[in-house]
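Structure first, then comments.
The values are calculated or read from the model by the stated rules, or taken from the named source; none is laboratory data. Keep in mind it's a predicted model, so treat the numbers as computed, not measured. Here the Cβ is made from the backbone with ideal geometry for all residues, glycine too, and neighbour counts use every protein chain on show. The area values use the complete protein model at the heavy-atom level, side chains included, leaving out ligands, DNA and RNA. Shrake-Rupley method; radii C 1.70, N 1.55, O 1.52, S 1.80 Å.
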Amino acid sequence: MITPQGPVPVVLAGAHGHGRWHLDNLRRLTAAGLVRLAGVCDVLPVPAERLAGLGNPEQSADLAGLIERTGAEITILVTPIHTHAELATAALYAGSHLLLEKPPAGAMADYERIVEAVRLTRLACQVGFQSLGSDAIPYLRKVIADGGLGRVRGIGVAGAWDRPSSYFSRASWAGRRRLGDIPVTDGALTNPFAHAIATALAVAEAEQFGAVAEIEVELYRANPIEADDTSCLRLRLATGIEITVAVTLCAPGRSEPYLTVHGESGSATLRYTLDEVRLGQNRTVHARTDLLENLIAHVRTGAQLLAPLARTGAFMQVVEAVRQAPDPTPIPAELQLDGGAGGRVLPGIVELTERSAERLALYSELDVPWAPAEQSIRVDGREVARYQWQPKLSATLAPRPYLHPVRTLGGVEVSESGPADHPHHLGVGVAIADVGGVNFWGGRTFVPGQGPTWRGDHGTQRHLGFASRTADGFVEHLEWLGPTGTALLREERAVAARPLEHPDHSLTASAWVLDFTCTLTNLTAGPVEIRSSATKGRAGAGYGGFFWRAPNAATPRSVFTAHSAGEHAVNGTRAPWVALGSPKWTLIFQQVGSADPWFVRTEEYPGIGVALAWHEPTVLAGSLTRRVITIVADGRLDRDLAAALATER
C-alpha cells in the first residue's frame, strides 16, 4: 500500500470513449485500495451500471466546482483534444493534480497555457503516454549509451492500423484539424500514433522543448476527412540524429507498431505496445508501470513522474508542425481499396511503412504514386503555386527544384516550365550559368570564341530536406552538385506566400506576394567564381540567380521601371523595382538587401531575373543571400499603380 493517507480521491473528466478504459483502470485501483472515484465530469450522464464497483461518485459538468466539492487530489482528463487547455488549467487552478490524456493540446499556445498553470500551481501534470511507463525505454537507452549499436544513425518508426469509417465520425472533432478557429489537430500522427513519436523521442533522449531542430511533415488522406489518416515525418534533432515516422490508418489489418534504432554496428527494434526489445537474436520483454499509479506515488511519496508535462515539449513541437502543415493531400480513389465497414485500404501500405523505417525515408522519397515530390502553396486557402522539389529531368536541363505552375488569385498562370524555346527554363527558381565551371542554368554553355556549346558540364541542385513546411511556404536545404557529384554549394531556400496588404480592397482581392530568399554557401576548399555569359563576352546576357520564366503565350507584354520601359532600356539596370506585364497579369519584382542588375527579356520570351554577375564574376568565399519579393496581380497595371504597390508593400 503506497497511500498511507487512504485512497486518493479522483475525478474523471470524460467518461465516454477512451474514458471507459480509465473506468476499468479505476476499478482495478479501487479494488487495490489506491483510489476512490469521487466524481465524474461529463456533458452526458454516465449510467450506474458503467460505474459498478466505483461507488456513487458525484456527476457534474462543472469541473472546477466538482473538484472543490469532492476534494479530488487527482483529475484524469480524457476530453476532446481542443478542450484540454481550458479544462486542464481549470483543474490545476482548482487545486488538483492532473493525468492529461495525450496529446496534451492541439496547438503550442494551448500547451503553453497548461505549462504556465503547472508552474504557478506547482502541481503535477502527467501526460497519458502509457508507453513512457515501460522499462523497455531505459533498457534501450542503456544499450545505446554503452555503445551496443555503435554511433546511432537514426531511428525509424513504422505503424499500420486499420480503422472503419465510424472511427472518423464517432465525435464532432474526430478527423478534424480545426473546429472553426479552434485547433484540434487530430490525425494519425498526433493521436493514435502519438505514442510512436513520444517513444522515439524518449529513446533518443530528446523530449524537452527545443530538442527537435527541424521537422518535415507529409500528410495524406484516403478517407473523406479533414485530418490525415496516412502520414510521415522526419525530425532532425539538435544532436544530429534523425527520426522518421511513417504511419497509416488504411492498412488491411492491425500490425504492431515499432521503432528501429539504426547504429553503425547494429540495430535494435522496440515494439512499444508489447514492451518488447529485439537486439540481434536476443528478445526481452519488460515491465510497464501504470501512469496513474505512478502519479499517485508521486502525490503520496514524491516518486518521480514517468511522463511529466515537461517531457512532452518536443512532442508538442511535432503537433505544432502538423497543425501548421499544408492540409492533407487526398489520395486518388483509384489507388485505394474498400476495406469493409467503410474503411479504406492502401495496397502495399504496410510494406511501405516498413521501408520508410528501414531507409529513414519519407513517402515522397519512396516512389509512391500518391506521394509526389511536390507541395501546394496557398494564400488564404487558395492554391497559388506548386513546388516541385525532386523533378525527374534530363541532366542537360540542370535538374533543380522550382515553382510551377504559379497563378494569380484569378487563376491565370504566370509561369512556364520547359518551353520549346528554352526547355531548361523551369518556372520560378534559382539558376546560374557558371559556378566554378559548372552549368547550373541548363542548356548550352557560352564559350568565348565558340558561342553556346554543349559541354557535358551540367550540375544538379539536390533537395536534402525541409527545415519547415507550412501551407503558405517552406524552408528547404539543398546541395549544388557538379557533374561528378562533388558538392560545390549549400543552399538554404525560404519561400513564403502571403496576401497583399493595401488599403484598396480591390487590389488585395486581386494580388498576392511571393517572398523568395536563397542563401548560397561555398563548400569548396577555396573561393569559387560565379559567372554569367556576359562576363565571358556575350553582351547583355548577365542571367544567373533568381529567375522567373513567364508564359510565352502572354502577348502583348511590357517591362518597365519607375523611369524606363522596354527590354533594351531595362535590361542591366539597377532599379528599385521592375514590372513585367501582359493583358491578364502583372508581376512586380523588388530586391531586398541587394541592388543587383536586372536581367530582362520580353521580345524573344518573357523572363525576369537577378544578375549576380553582370560585368565581372562574383567571387564567393563564404556565403551570399539574395531576397526577391514579387507582387503577383491580375490584369495589366500601369506604372503609377505598380510604383504605389512597390512603395507600400
For this session: Could you work out how far apart the two model spin labels at Ala213 and Glu86 are, taking each label as a point 7 Å from the Cα in the direction of the beta carbon, and quote it in nm?
Result: 4.0 nm
Exercise. Taking the Cα centre of the chain as origin and charging only Cβ (+1 Lys, Arg; -1 Asp, Glu), how large is the dipole, in debye to the nearest 20?
Worked result: 640 debye
For this session: Using only Cα atoms, find the angle between the long axis of helix 136-145 and the longest principal axis of the chain, and express it within 0 to 90 degrees, rounded to the nearest 10.
Result: 50 degrees
Exercise. Once Lys and Arg get +1 and Asp and Glu get -1 on their Cβ, which of Gly133, Leu120, Ala48 lies farthest toward the positive end of the dipole of the chain?
Worked result: Gly133
Problem set entry | Residues whose placed amide H lies under 5 Å from that of Ala562, excluding near-sequence neighbours | Trp577
Seminar exercise, completed: Probe 1.4 Å, heavy atoms of protein chains only: per residue, the accessible area of the chain in Å² is 39 Å²
Problem set entry | Linear extension gain, Leu179 paired with Trp21, 0.36 nm per residue minus alpha-carbon span | 54.3 nm
Exercise. Between [x] 44; [y] 58; [z] 50, which matches percent of Cα pairs over 35 Å apart calculated for the structure shown?
Worked result: [z]
Problem set entry | Ala32 paired with Thr453, simple spin-label distance in nm, labels 7 Å along Cα-to-beta-carbon | 8.1 nm
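With +1 on each Lys and Arg Cβ and -1 on each Asp and Glu Cβ, how big is the dipole of the range 129-273 about its Cα centre, in debye rounded to the nearest 20?
Numbers: 14 positive and 16 negative charges, 37 e Å.
Here the size comes out at about 180 debye.
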Exercise. How much of the accessible area of the chain, in percent, comes from carbon and sulfur atoms when a 1.4 Å probe is used?
Worked result: 51 percent
For this session: May I ask for the distance between the Cα centers of the range 9-41 and the range 264-281, given as a whole number of Å?
Result: 34 Å
For this session: Starting at the first residue of the range 18-32, write each ³J(HN,Hα) from the Karplus equation 6.51 cos²θ - 1.76 cosθ + 1.60 with θ = phi - 60°, in whole Hz, x for Gly and Pro.
Result: 5, x, 5, 4, 5, 4, 5, 5, 5, 4, 4, 6, 5, 5, 7
Exercise. How high is the relative contact order of the chain, in percent, with contacts defined as C-alpha pairs under 8 Å that are six or more residues apart?
Worked result: 10 percent
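Within 9 Å, Cβ to Cβ, of His425, how many net charges do the neighbouring residues add up to if Lys/Arg are +1 and Asp/Glu are -1? Walk me through the numbers on the way to the answer.
Working: positive: Arg549; negative: Glu416, Asp421.
Local charge sum for His425: -1.
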For this session: Find the centroid of the Cα atoms in the range 583-649 and in the range 346-370, then give the distance between the two in whole Å.
Result: 40 Å
Exercise. How large is ³J(HN,Hα), in whole Hz, for each residue of the range 445-458 in order, when computed from phi with the Karplus curve 6.51 cos²θ - 1.76 cosθ + 1.60 and θ = phi - 60°, using x for Gly and Pro?
Worked result: 9, 6, 10, x, x, 10, x, x, 9, 6, 10, x, 10, 7
Exercise. How far apart, in nm, are two points set 7 Å out from the Cα along the Cα-to-Cβ line at Ala395 and at Thr486?
Worked result: 1.6 nm
For this session: Can you tell me the 0 to 90 degree angle between the C-alpha axis of helix 349-359 and the longest principal axis of the chain, rounded to 10?
Result: 70 degrees
For this session: Report the FRET efficiency, 1/(1 + (r/R0)^6), for Glu358 and Leu337, where r is their Cβ-Cβ distance and R0 is 30 Å, rounded to 0.05.
Result: 0.80
Seminar exercise, completed: Karplus ³J(HN,Hα) for the range 176-190 (6.51 cos²θ - 1.76 cosθ + 1.60, θ = phi - 60°; Hz, whole; x = Gly/Pro) runs 10, 8, 7, 10, x, 9, 8, x, 9, 6, 6, x, 4, 6, 8
Problem set entry | Two-site FRET efficiency, Ser506 against Ser166, from Cβ-Cβ distance with R₀ of 56 Å, rounded to 0.05 | 0.75
Seminar exercise, completed: Inter-part gap, Cα centre of the range 415-441 to Cα centre of the range 118-174, in whole angstrom, is 45 Å
Exercise. Any idea which of Gln450, Thr519, Thr273 is furthest toward the positive side of the dipole for the chain, if Lys and Arg beta-carbons carry +1 and Asp and Glu beta-carbons -1?
Worked result: Gln450
Exercise. Along the Cα-to-Cβ line of Lys536, 7 Å from the Cα, sits a label point; which residues in the range 457-472 have backbone N less than 20 Å from it?
Worked result: 457-461
Problem set entry | Dipole magnitude of the range 516-612 about its Cα centre (Cβ charges: Lys, Arg +1; Asp, Glu -1), debye to nearest 20 | 100 debye
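Take the Cβ-Cβ distance between Tyr605 and Thr521 as r, set R0 to 30 Å, and report the resulting FRET efficiency rounded to the nearest 0.05.
0.45
Quick one: of the DSSP bridges fully inside the range 34-167, what percent are antiparallel, nearest 5?
Values: 0 of 10 bridges.
Roughly 0 percent of the beta bridges in the range 34-167 run antiparallel, per DSSP.
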Seminar exercise, completed: Non-local residues with an amide H under 5 Å from the amide H of Ile76, with H modelled 1.01 Å from N and Pro and chain starts lacking one, are Val11, Leu12, Ala13, Leu99
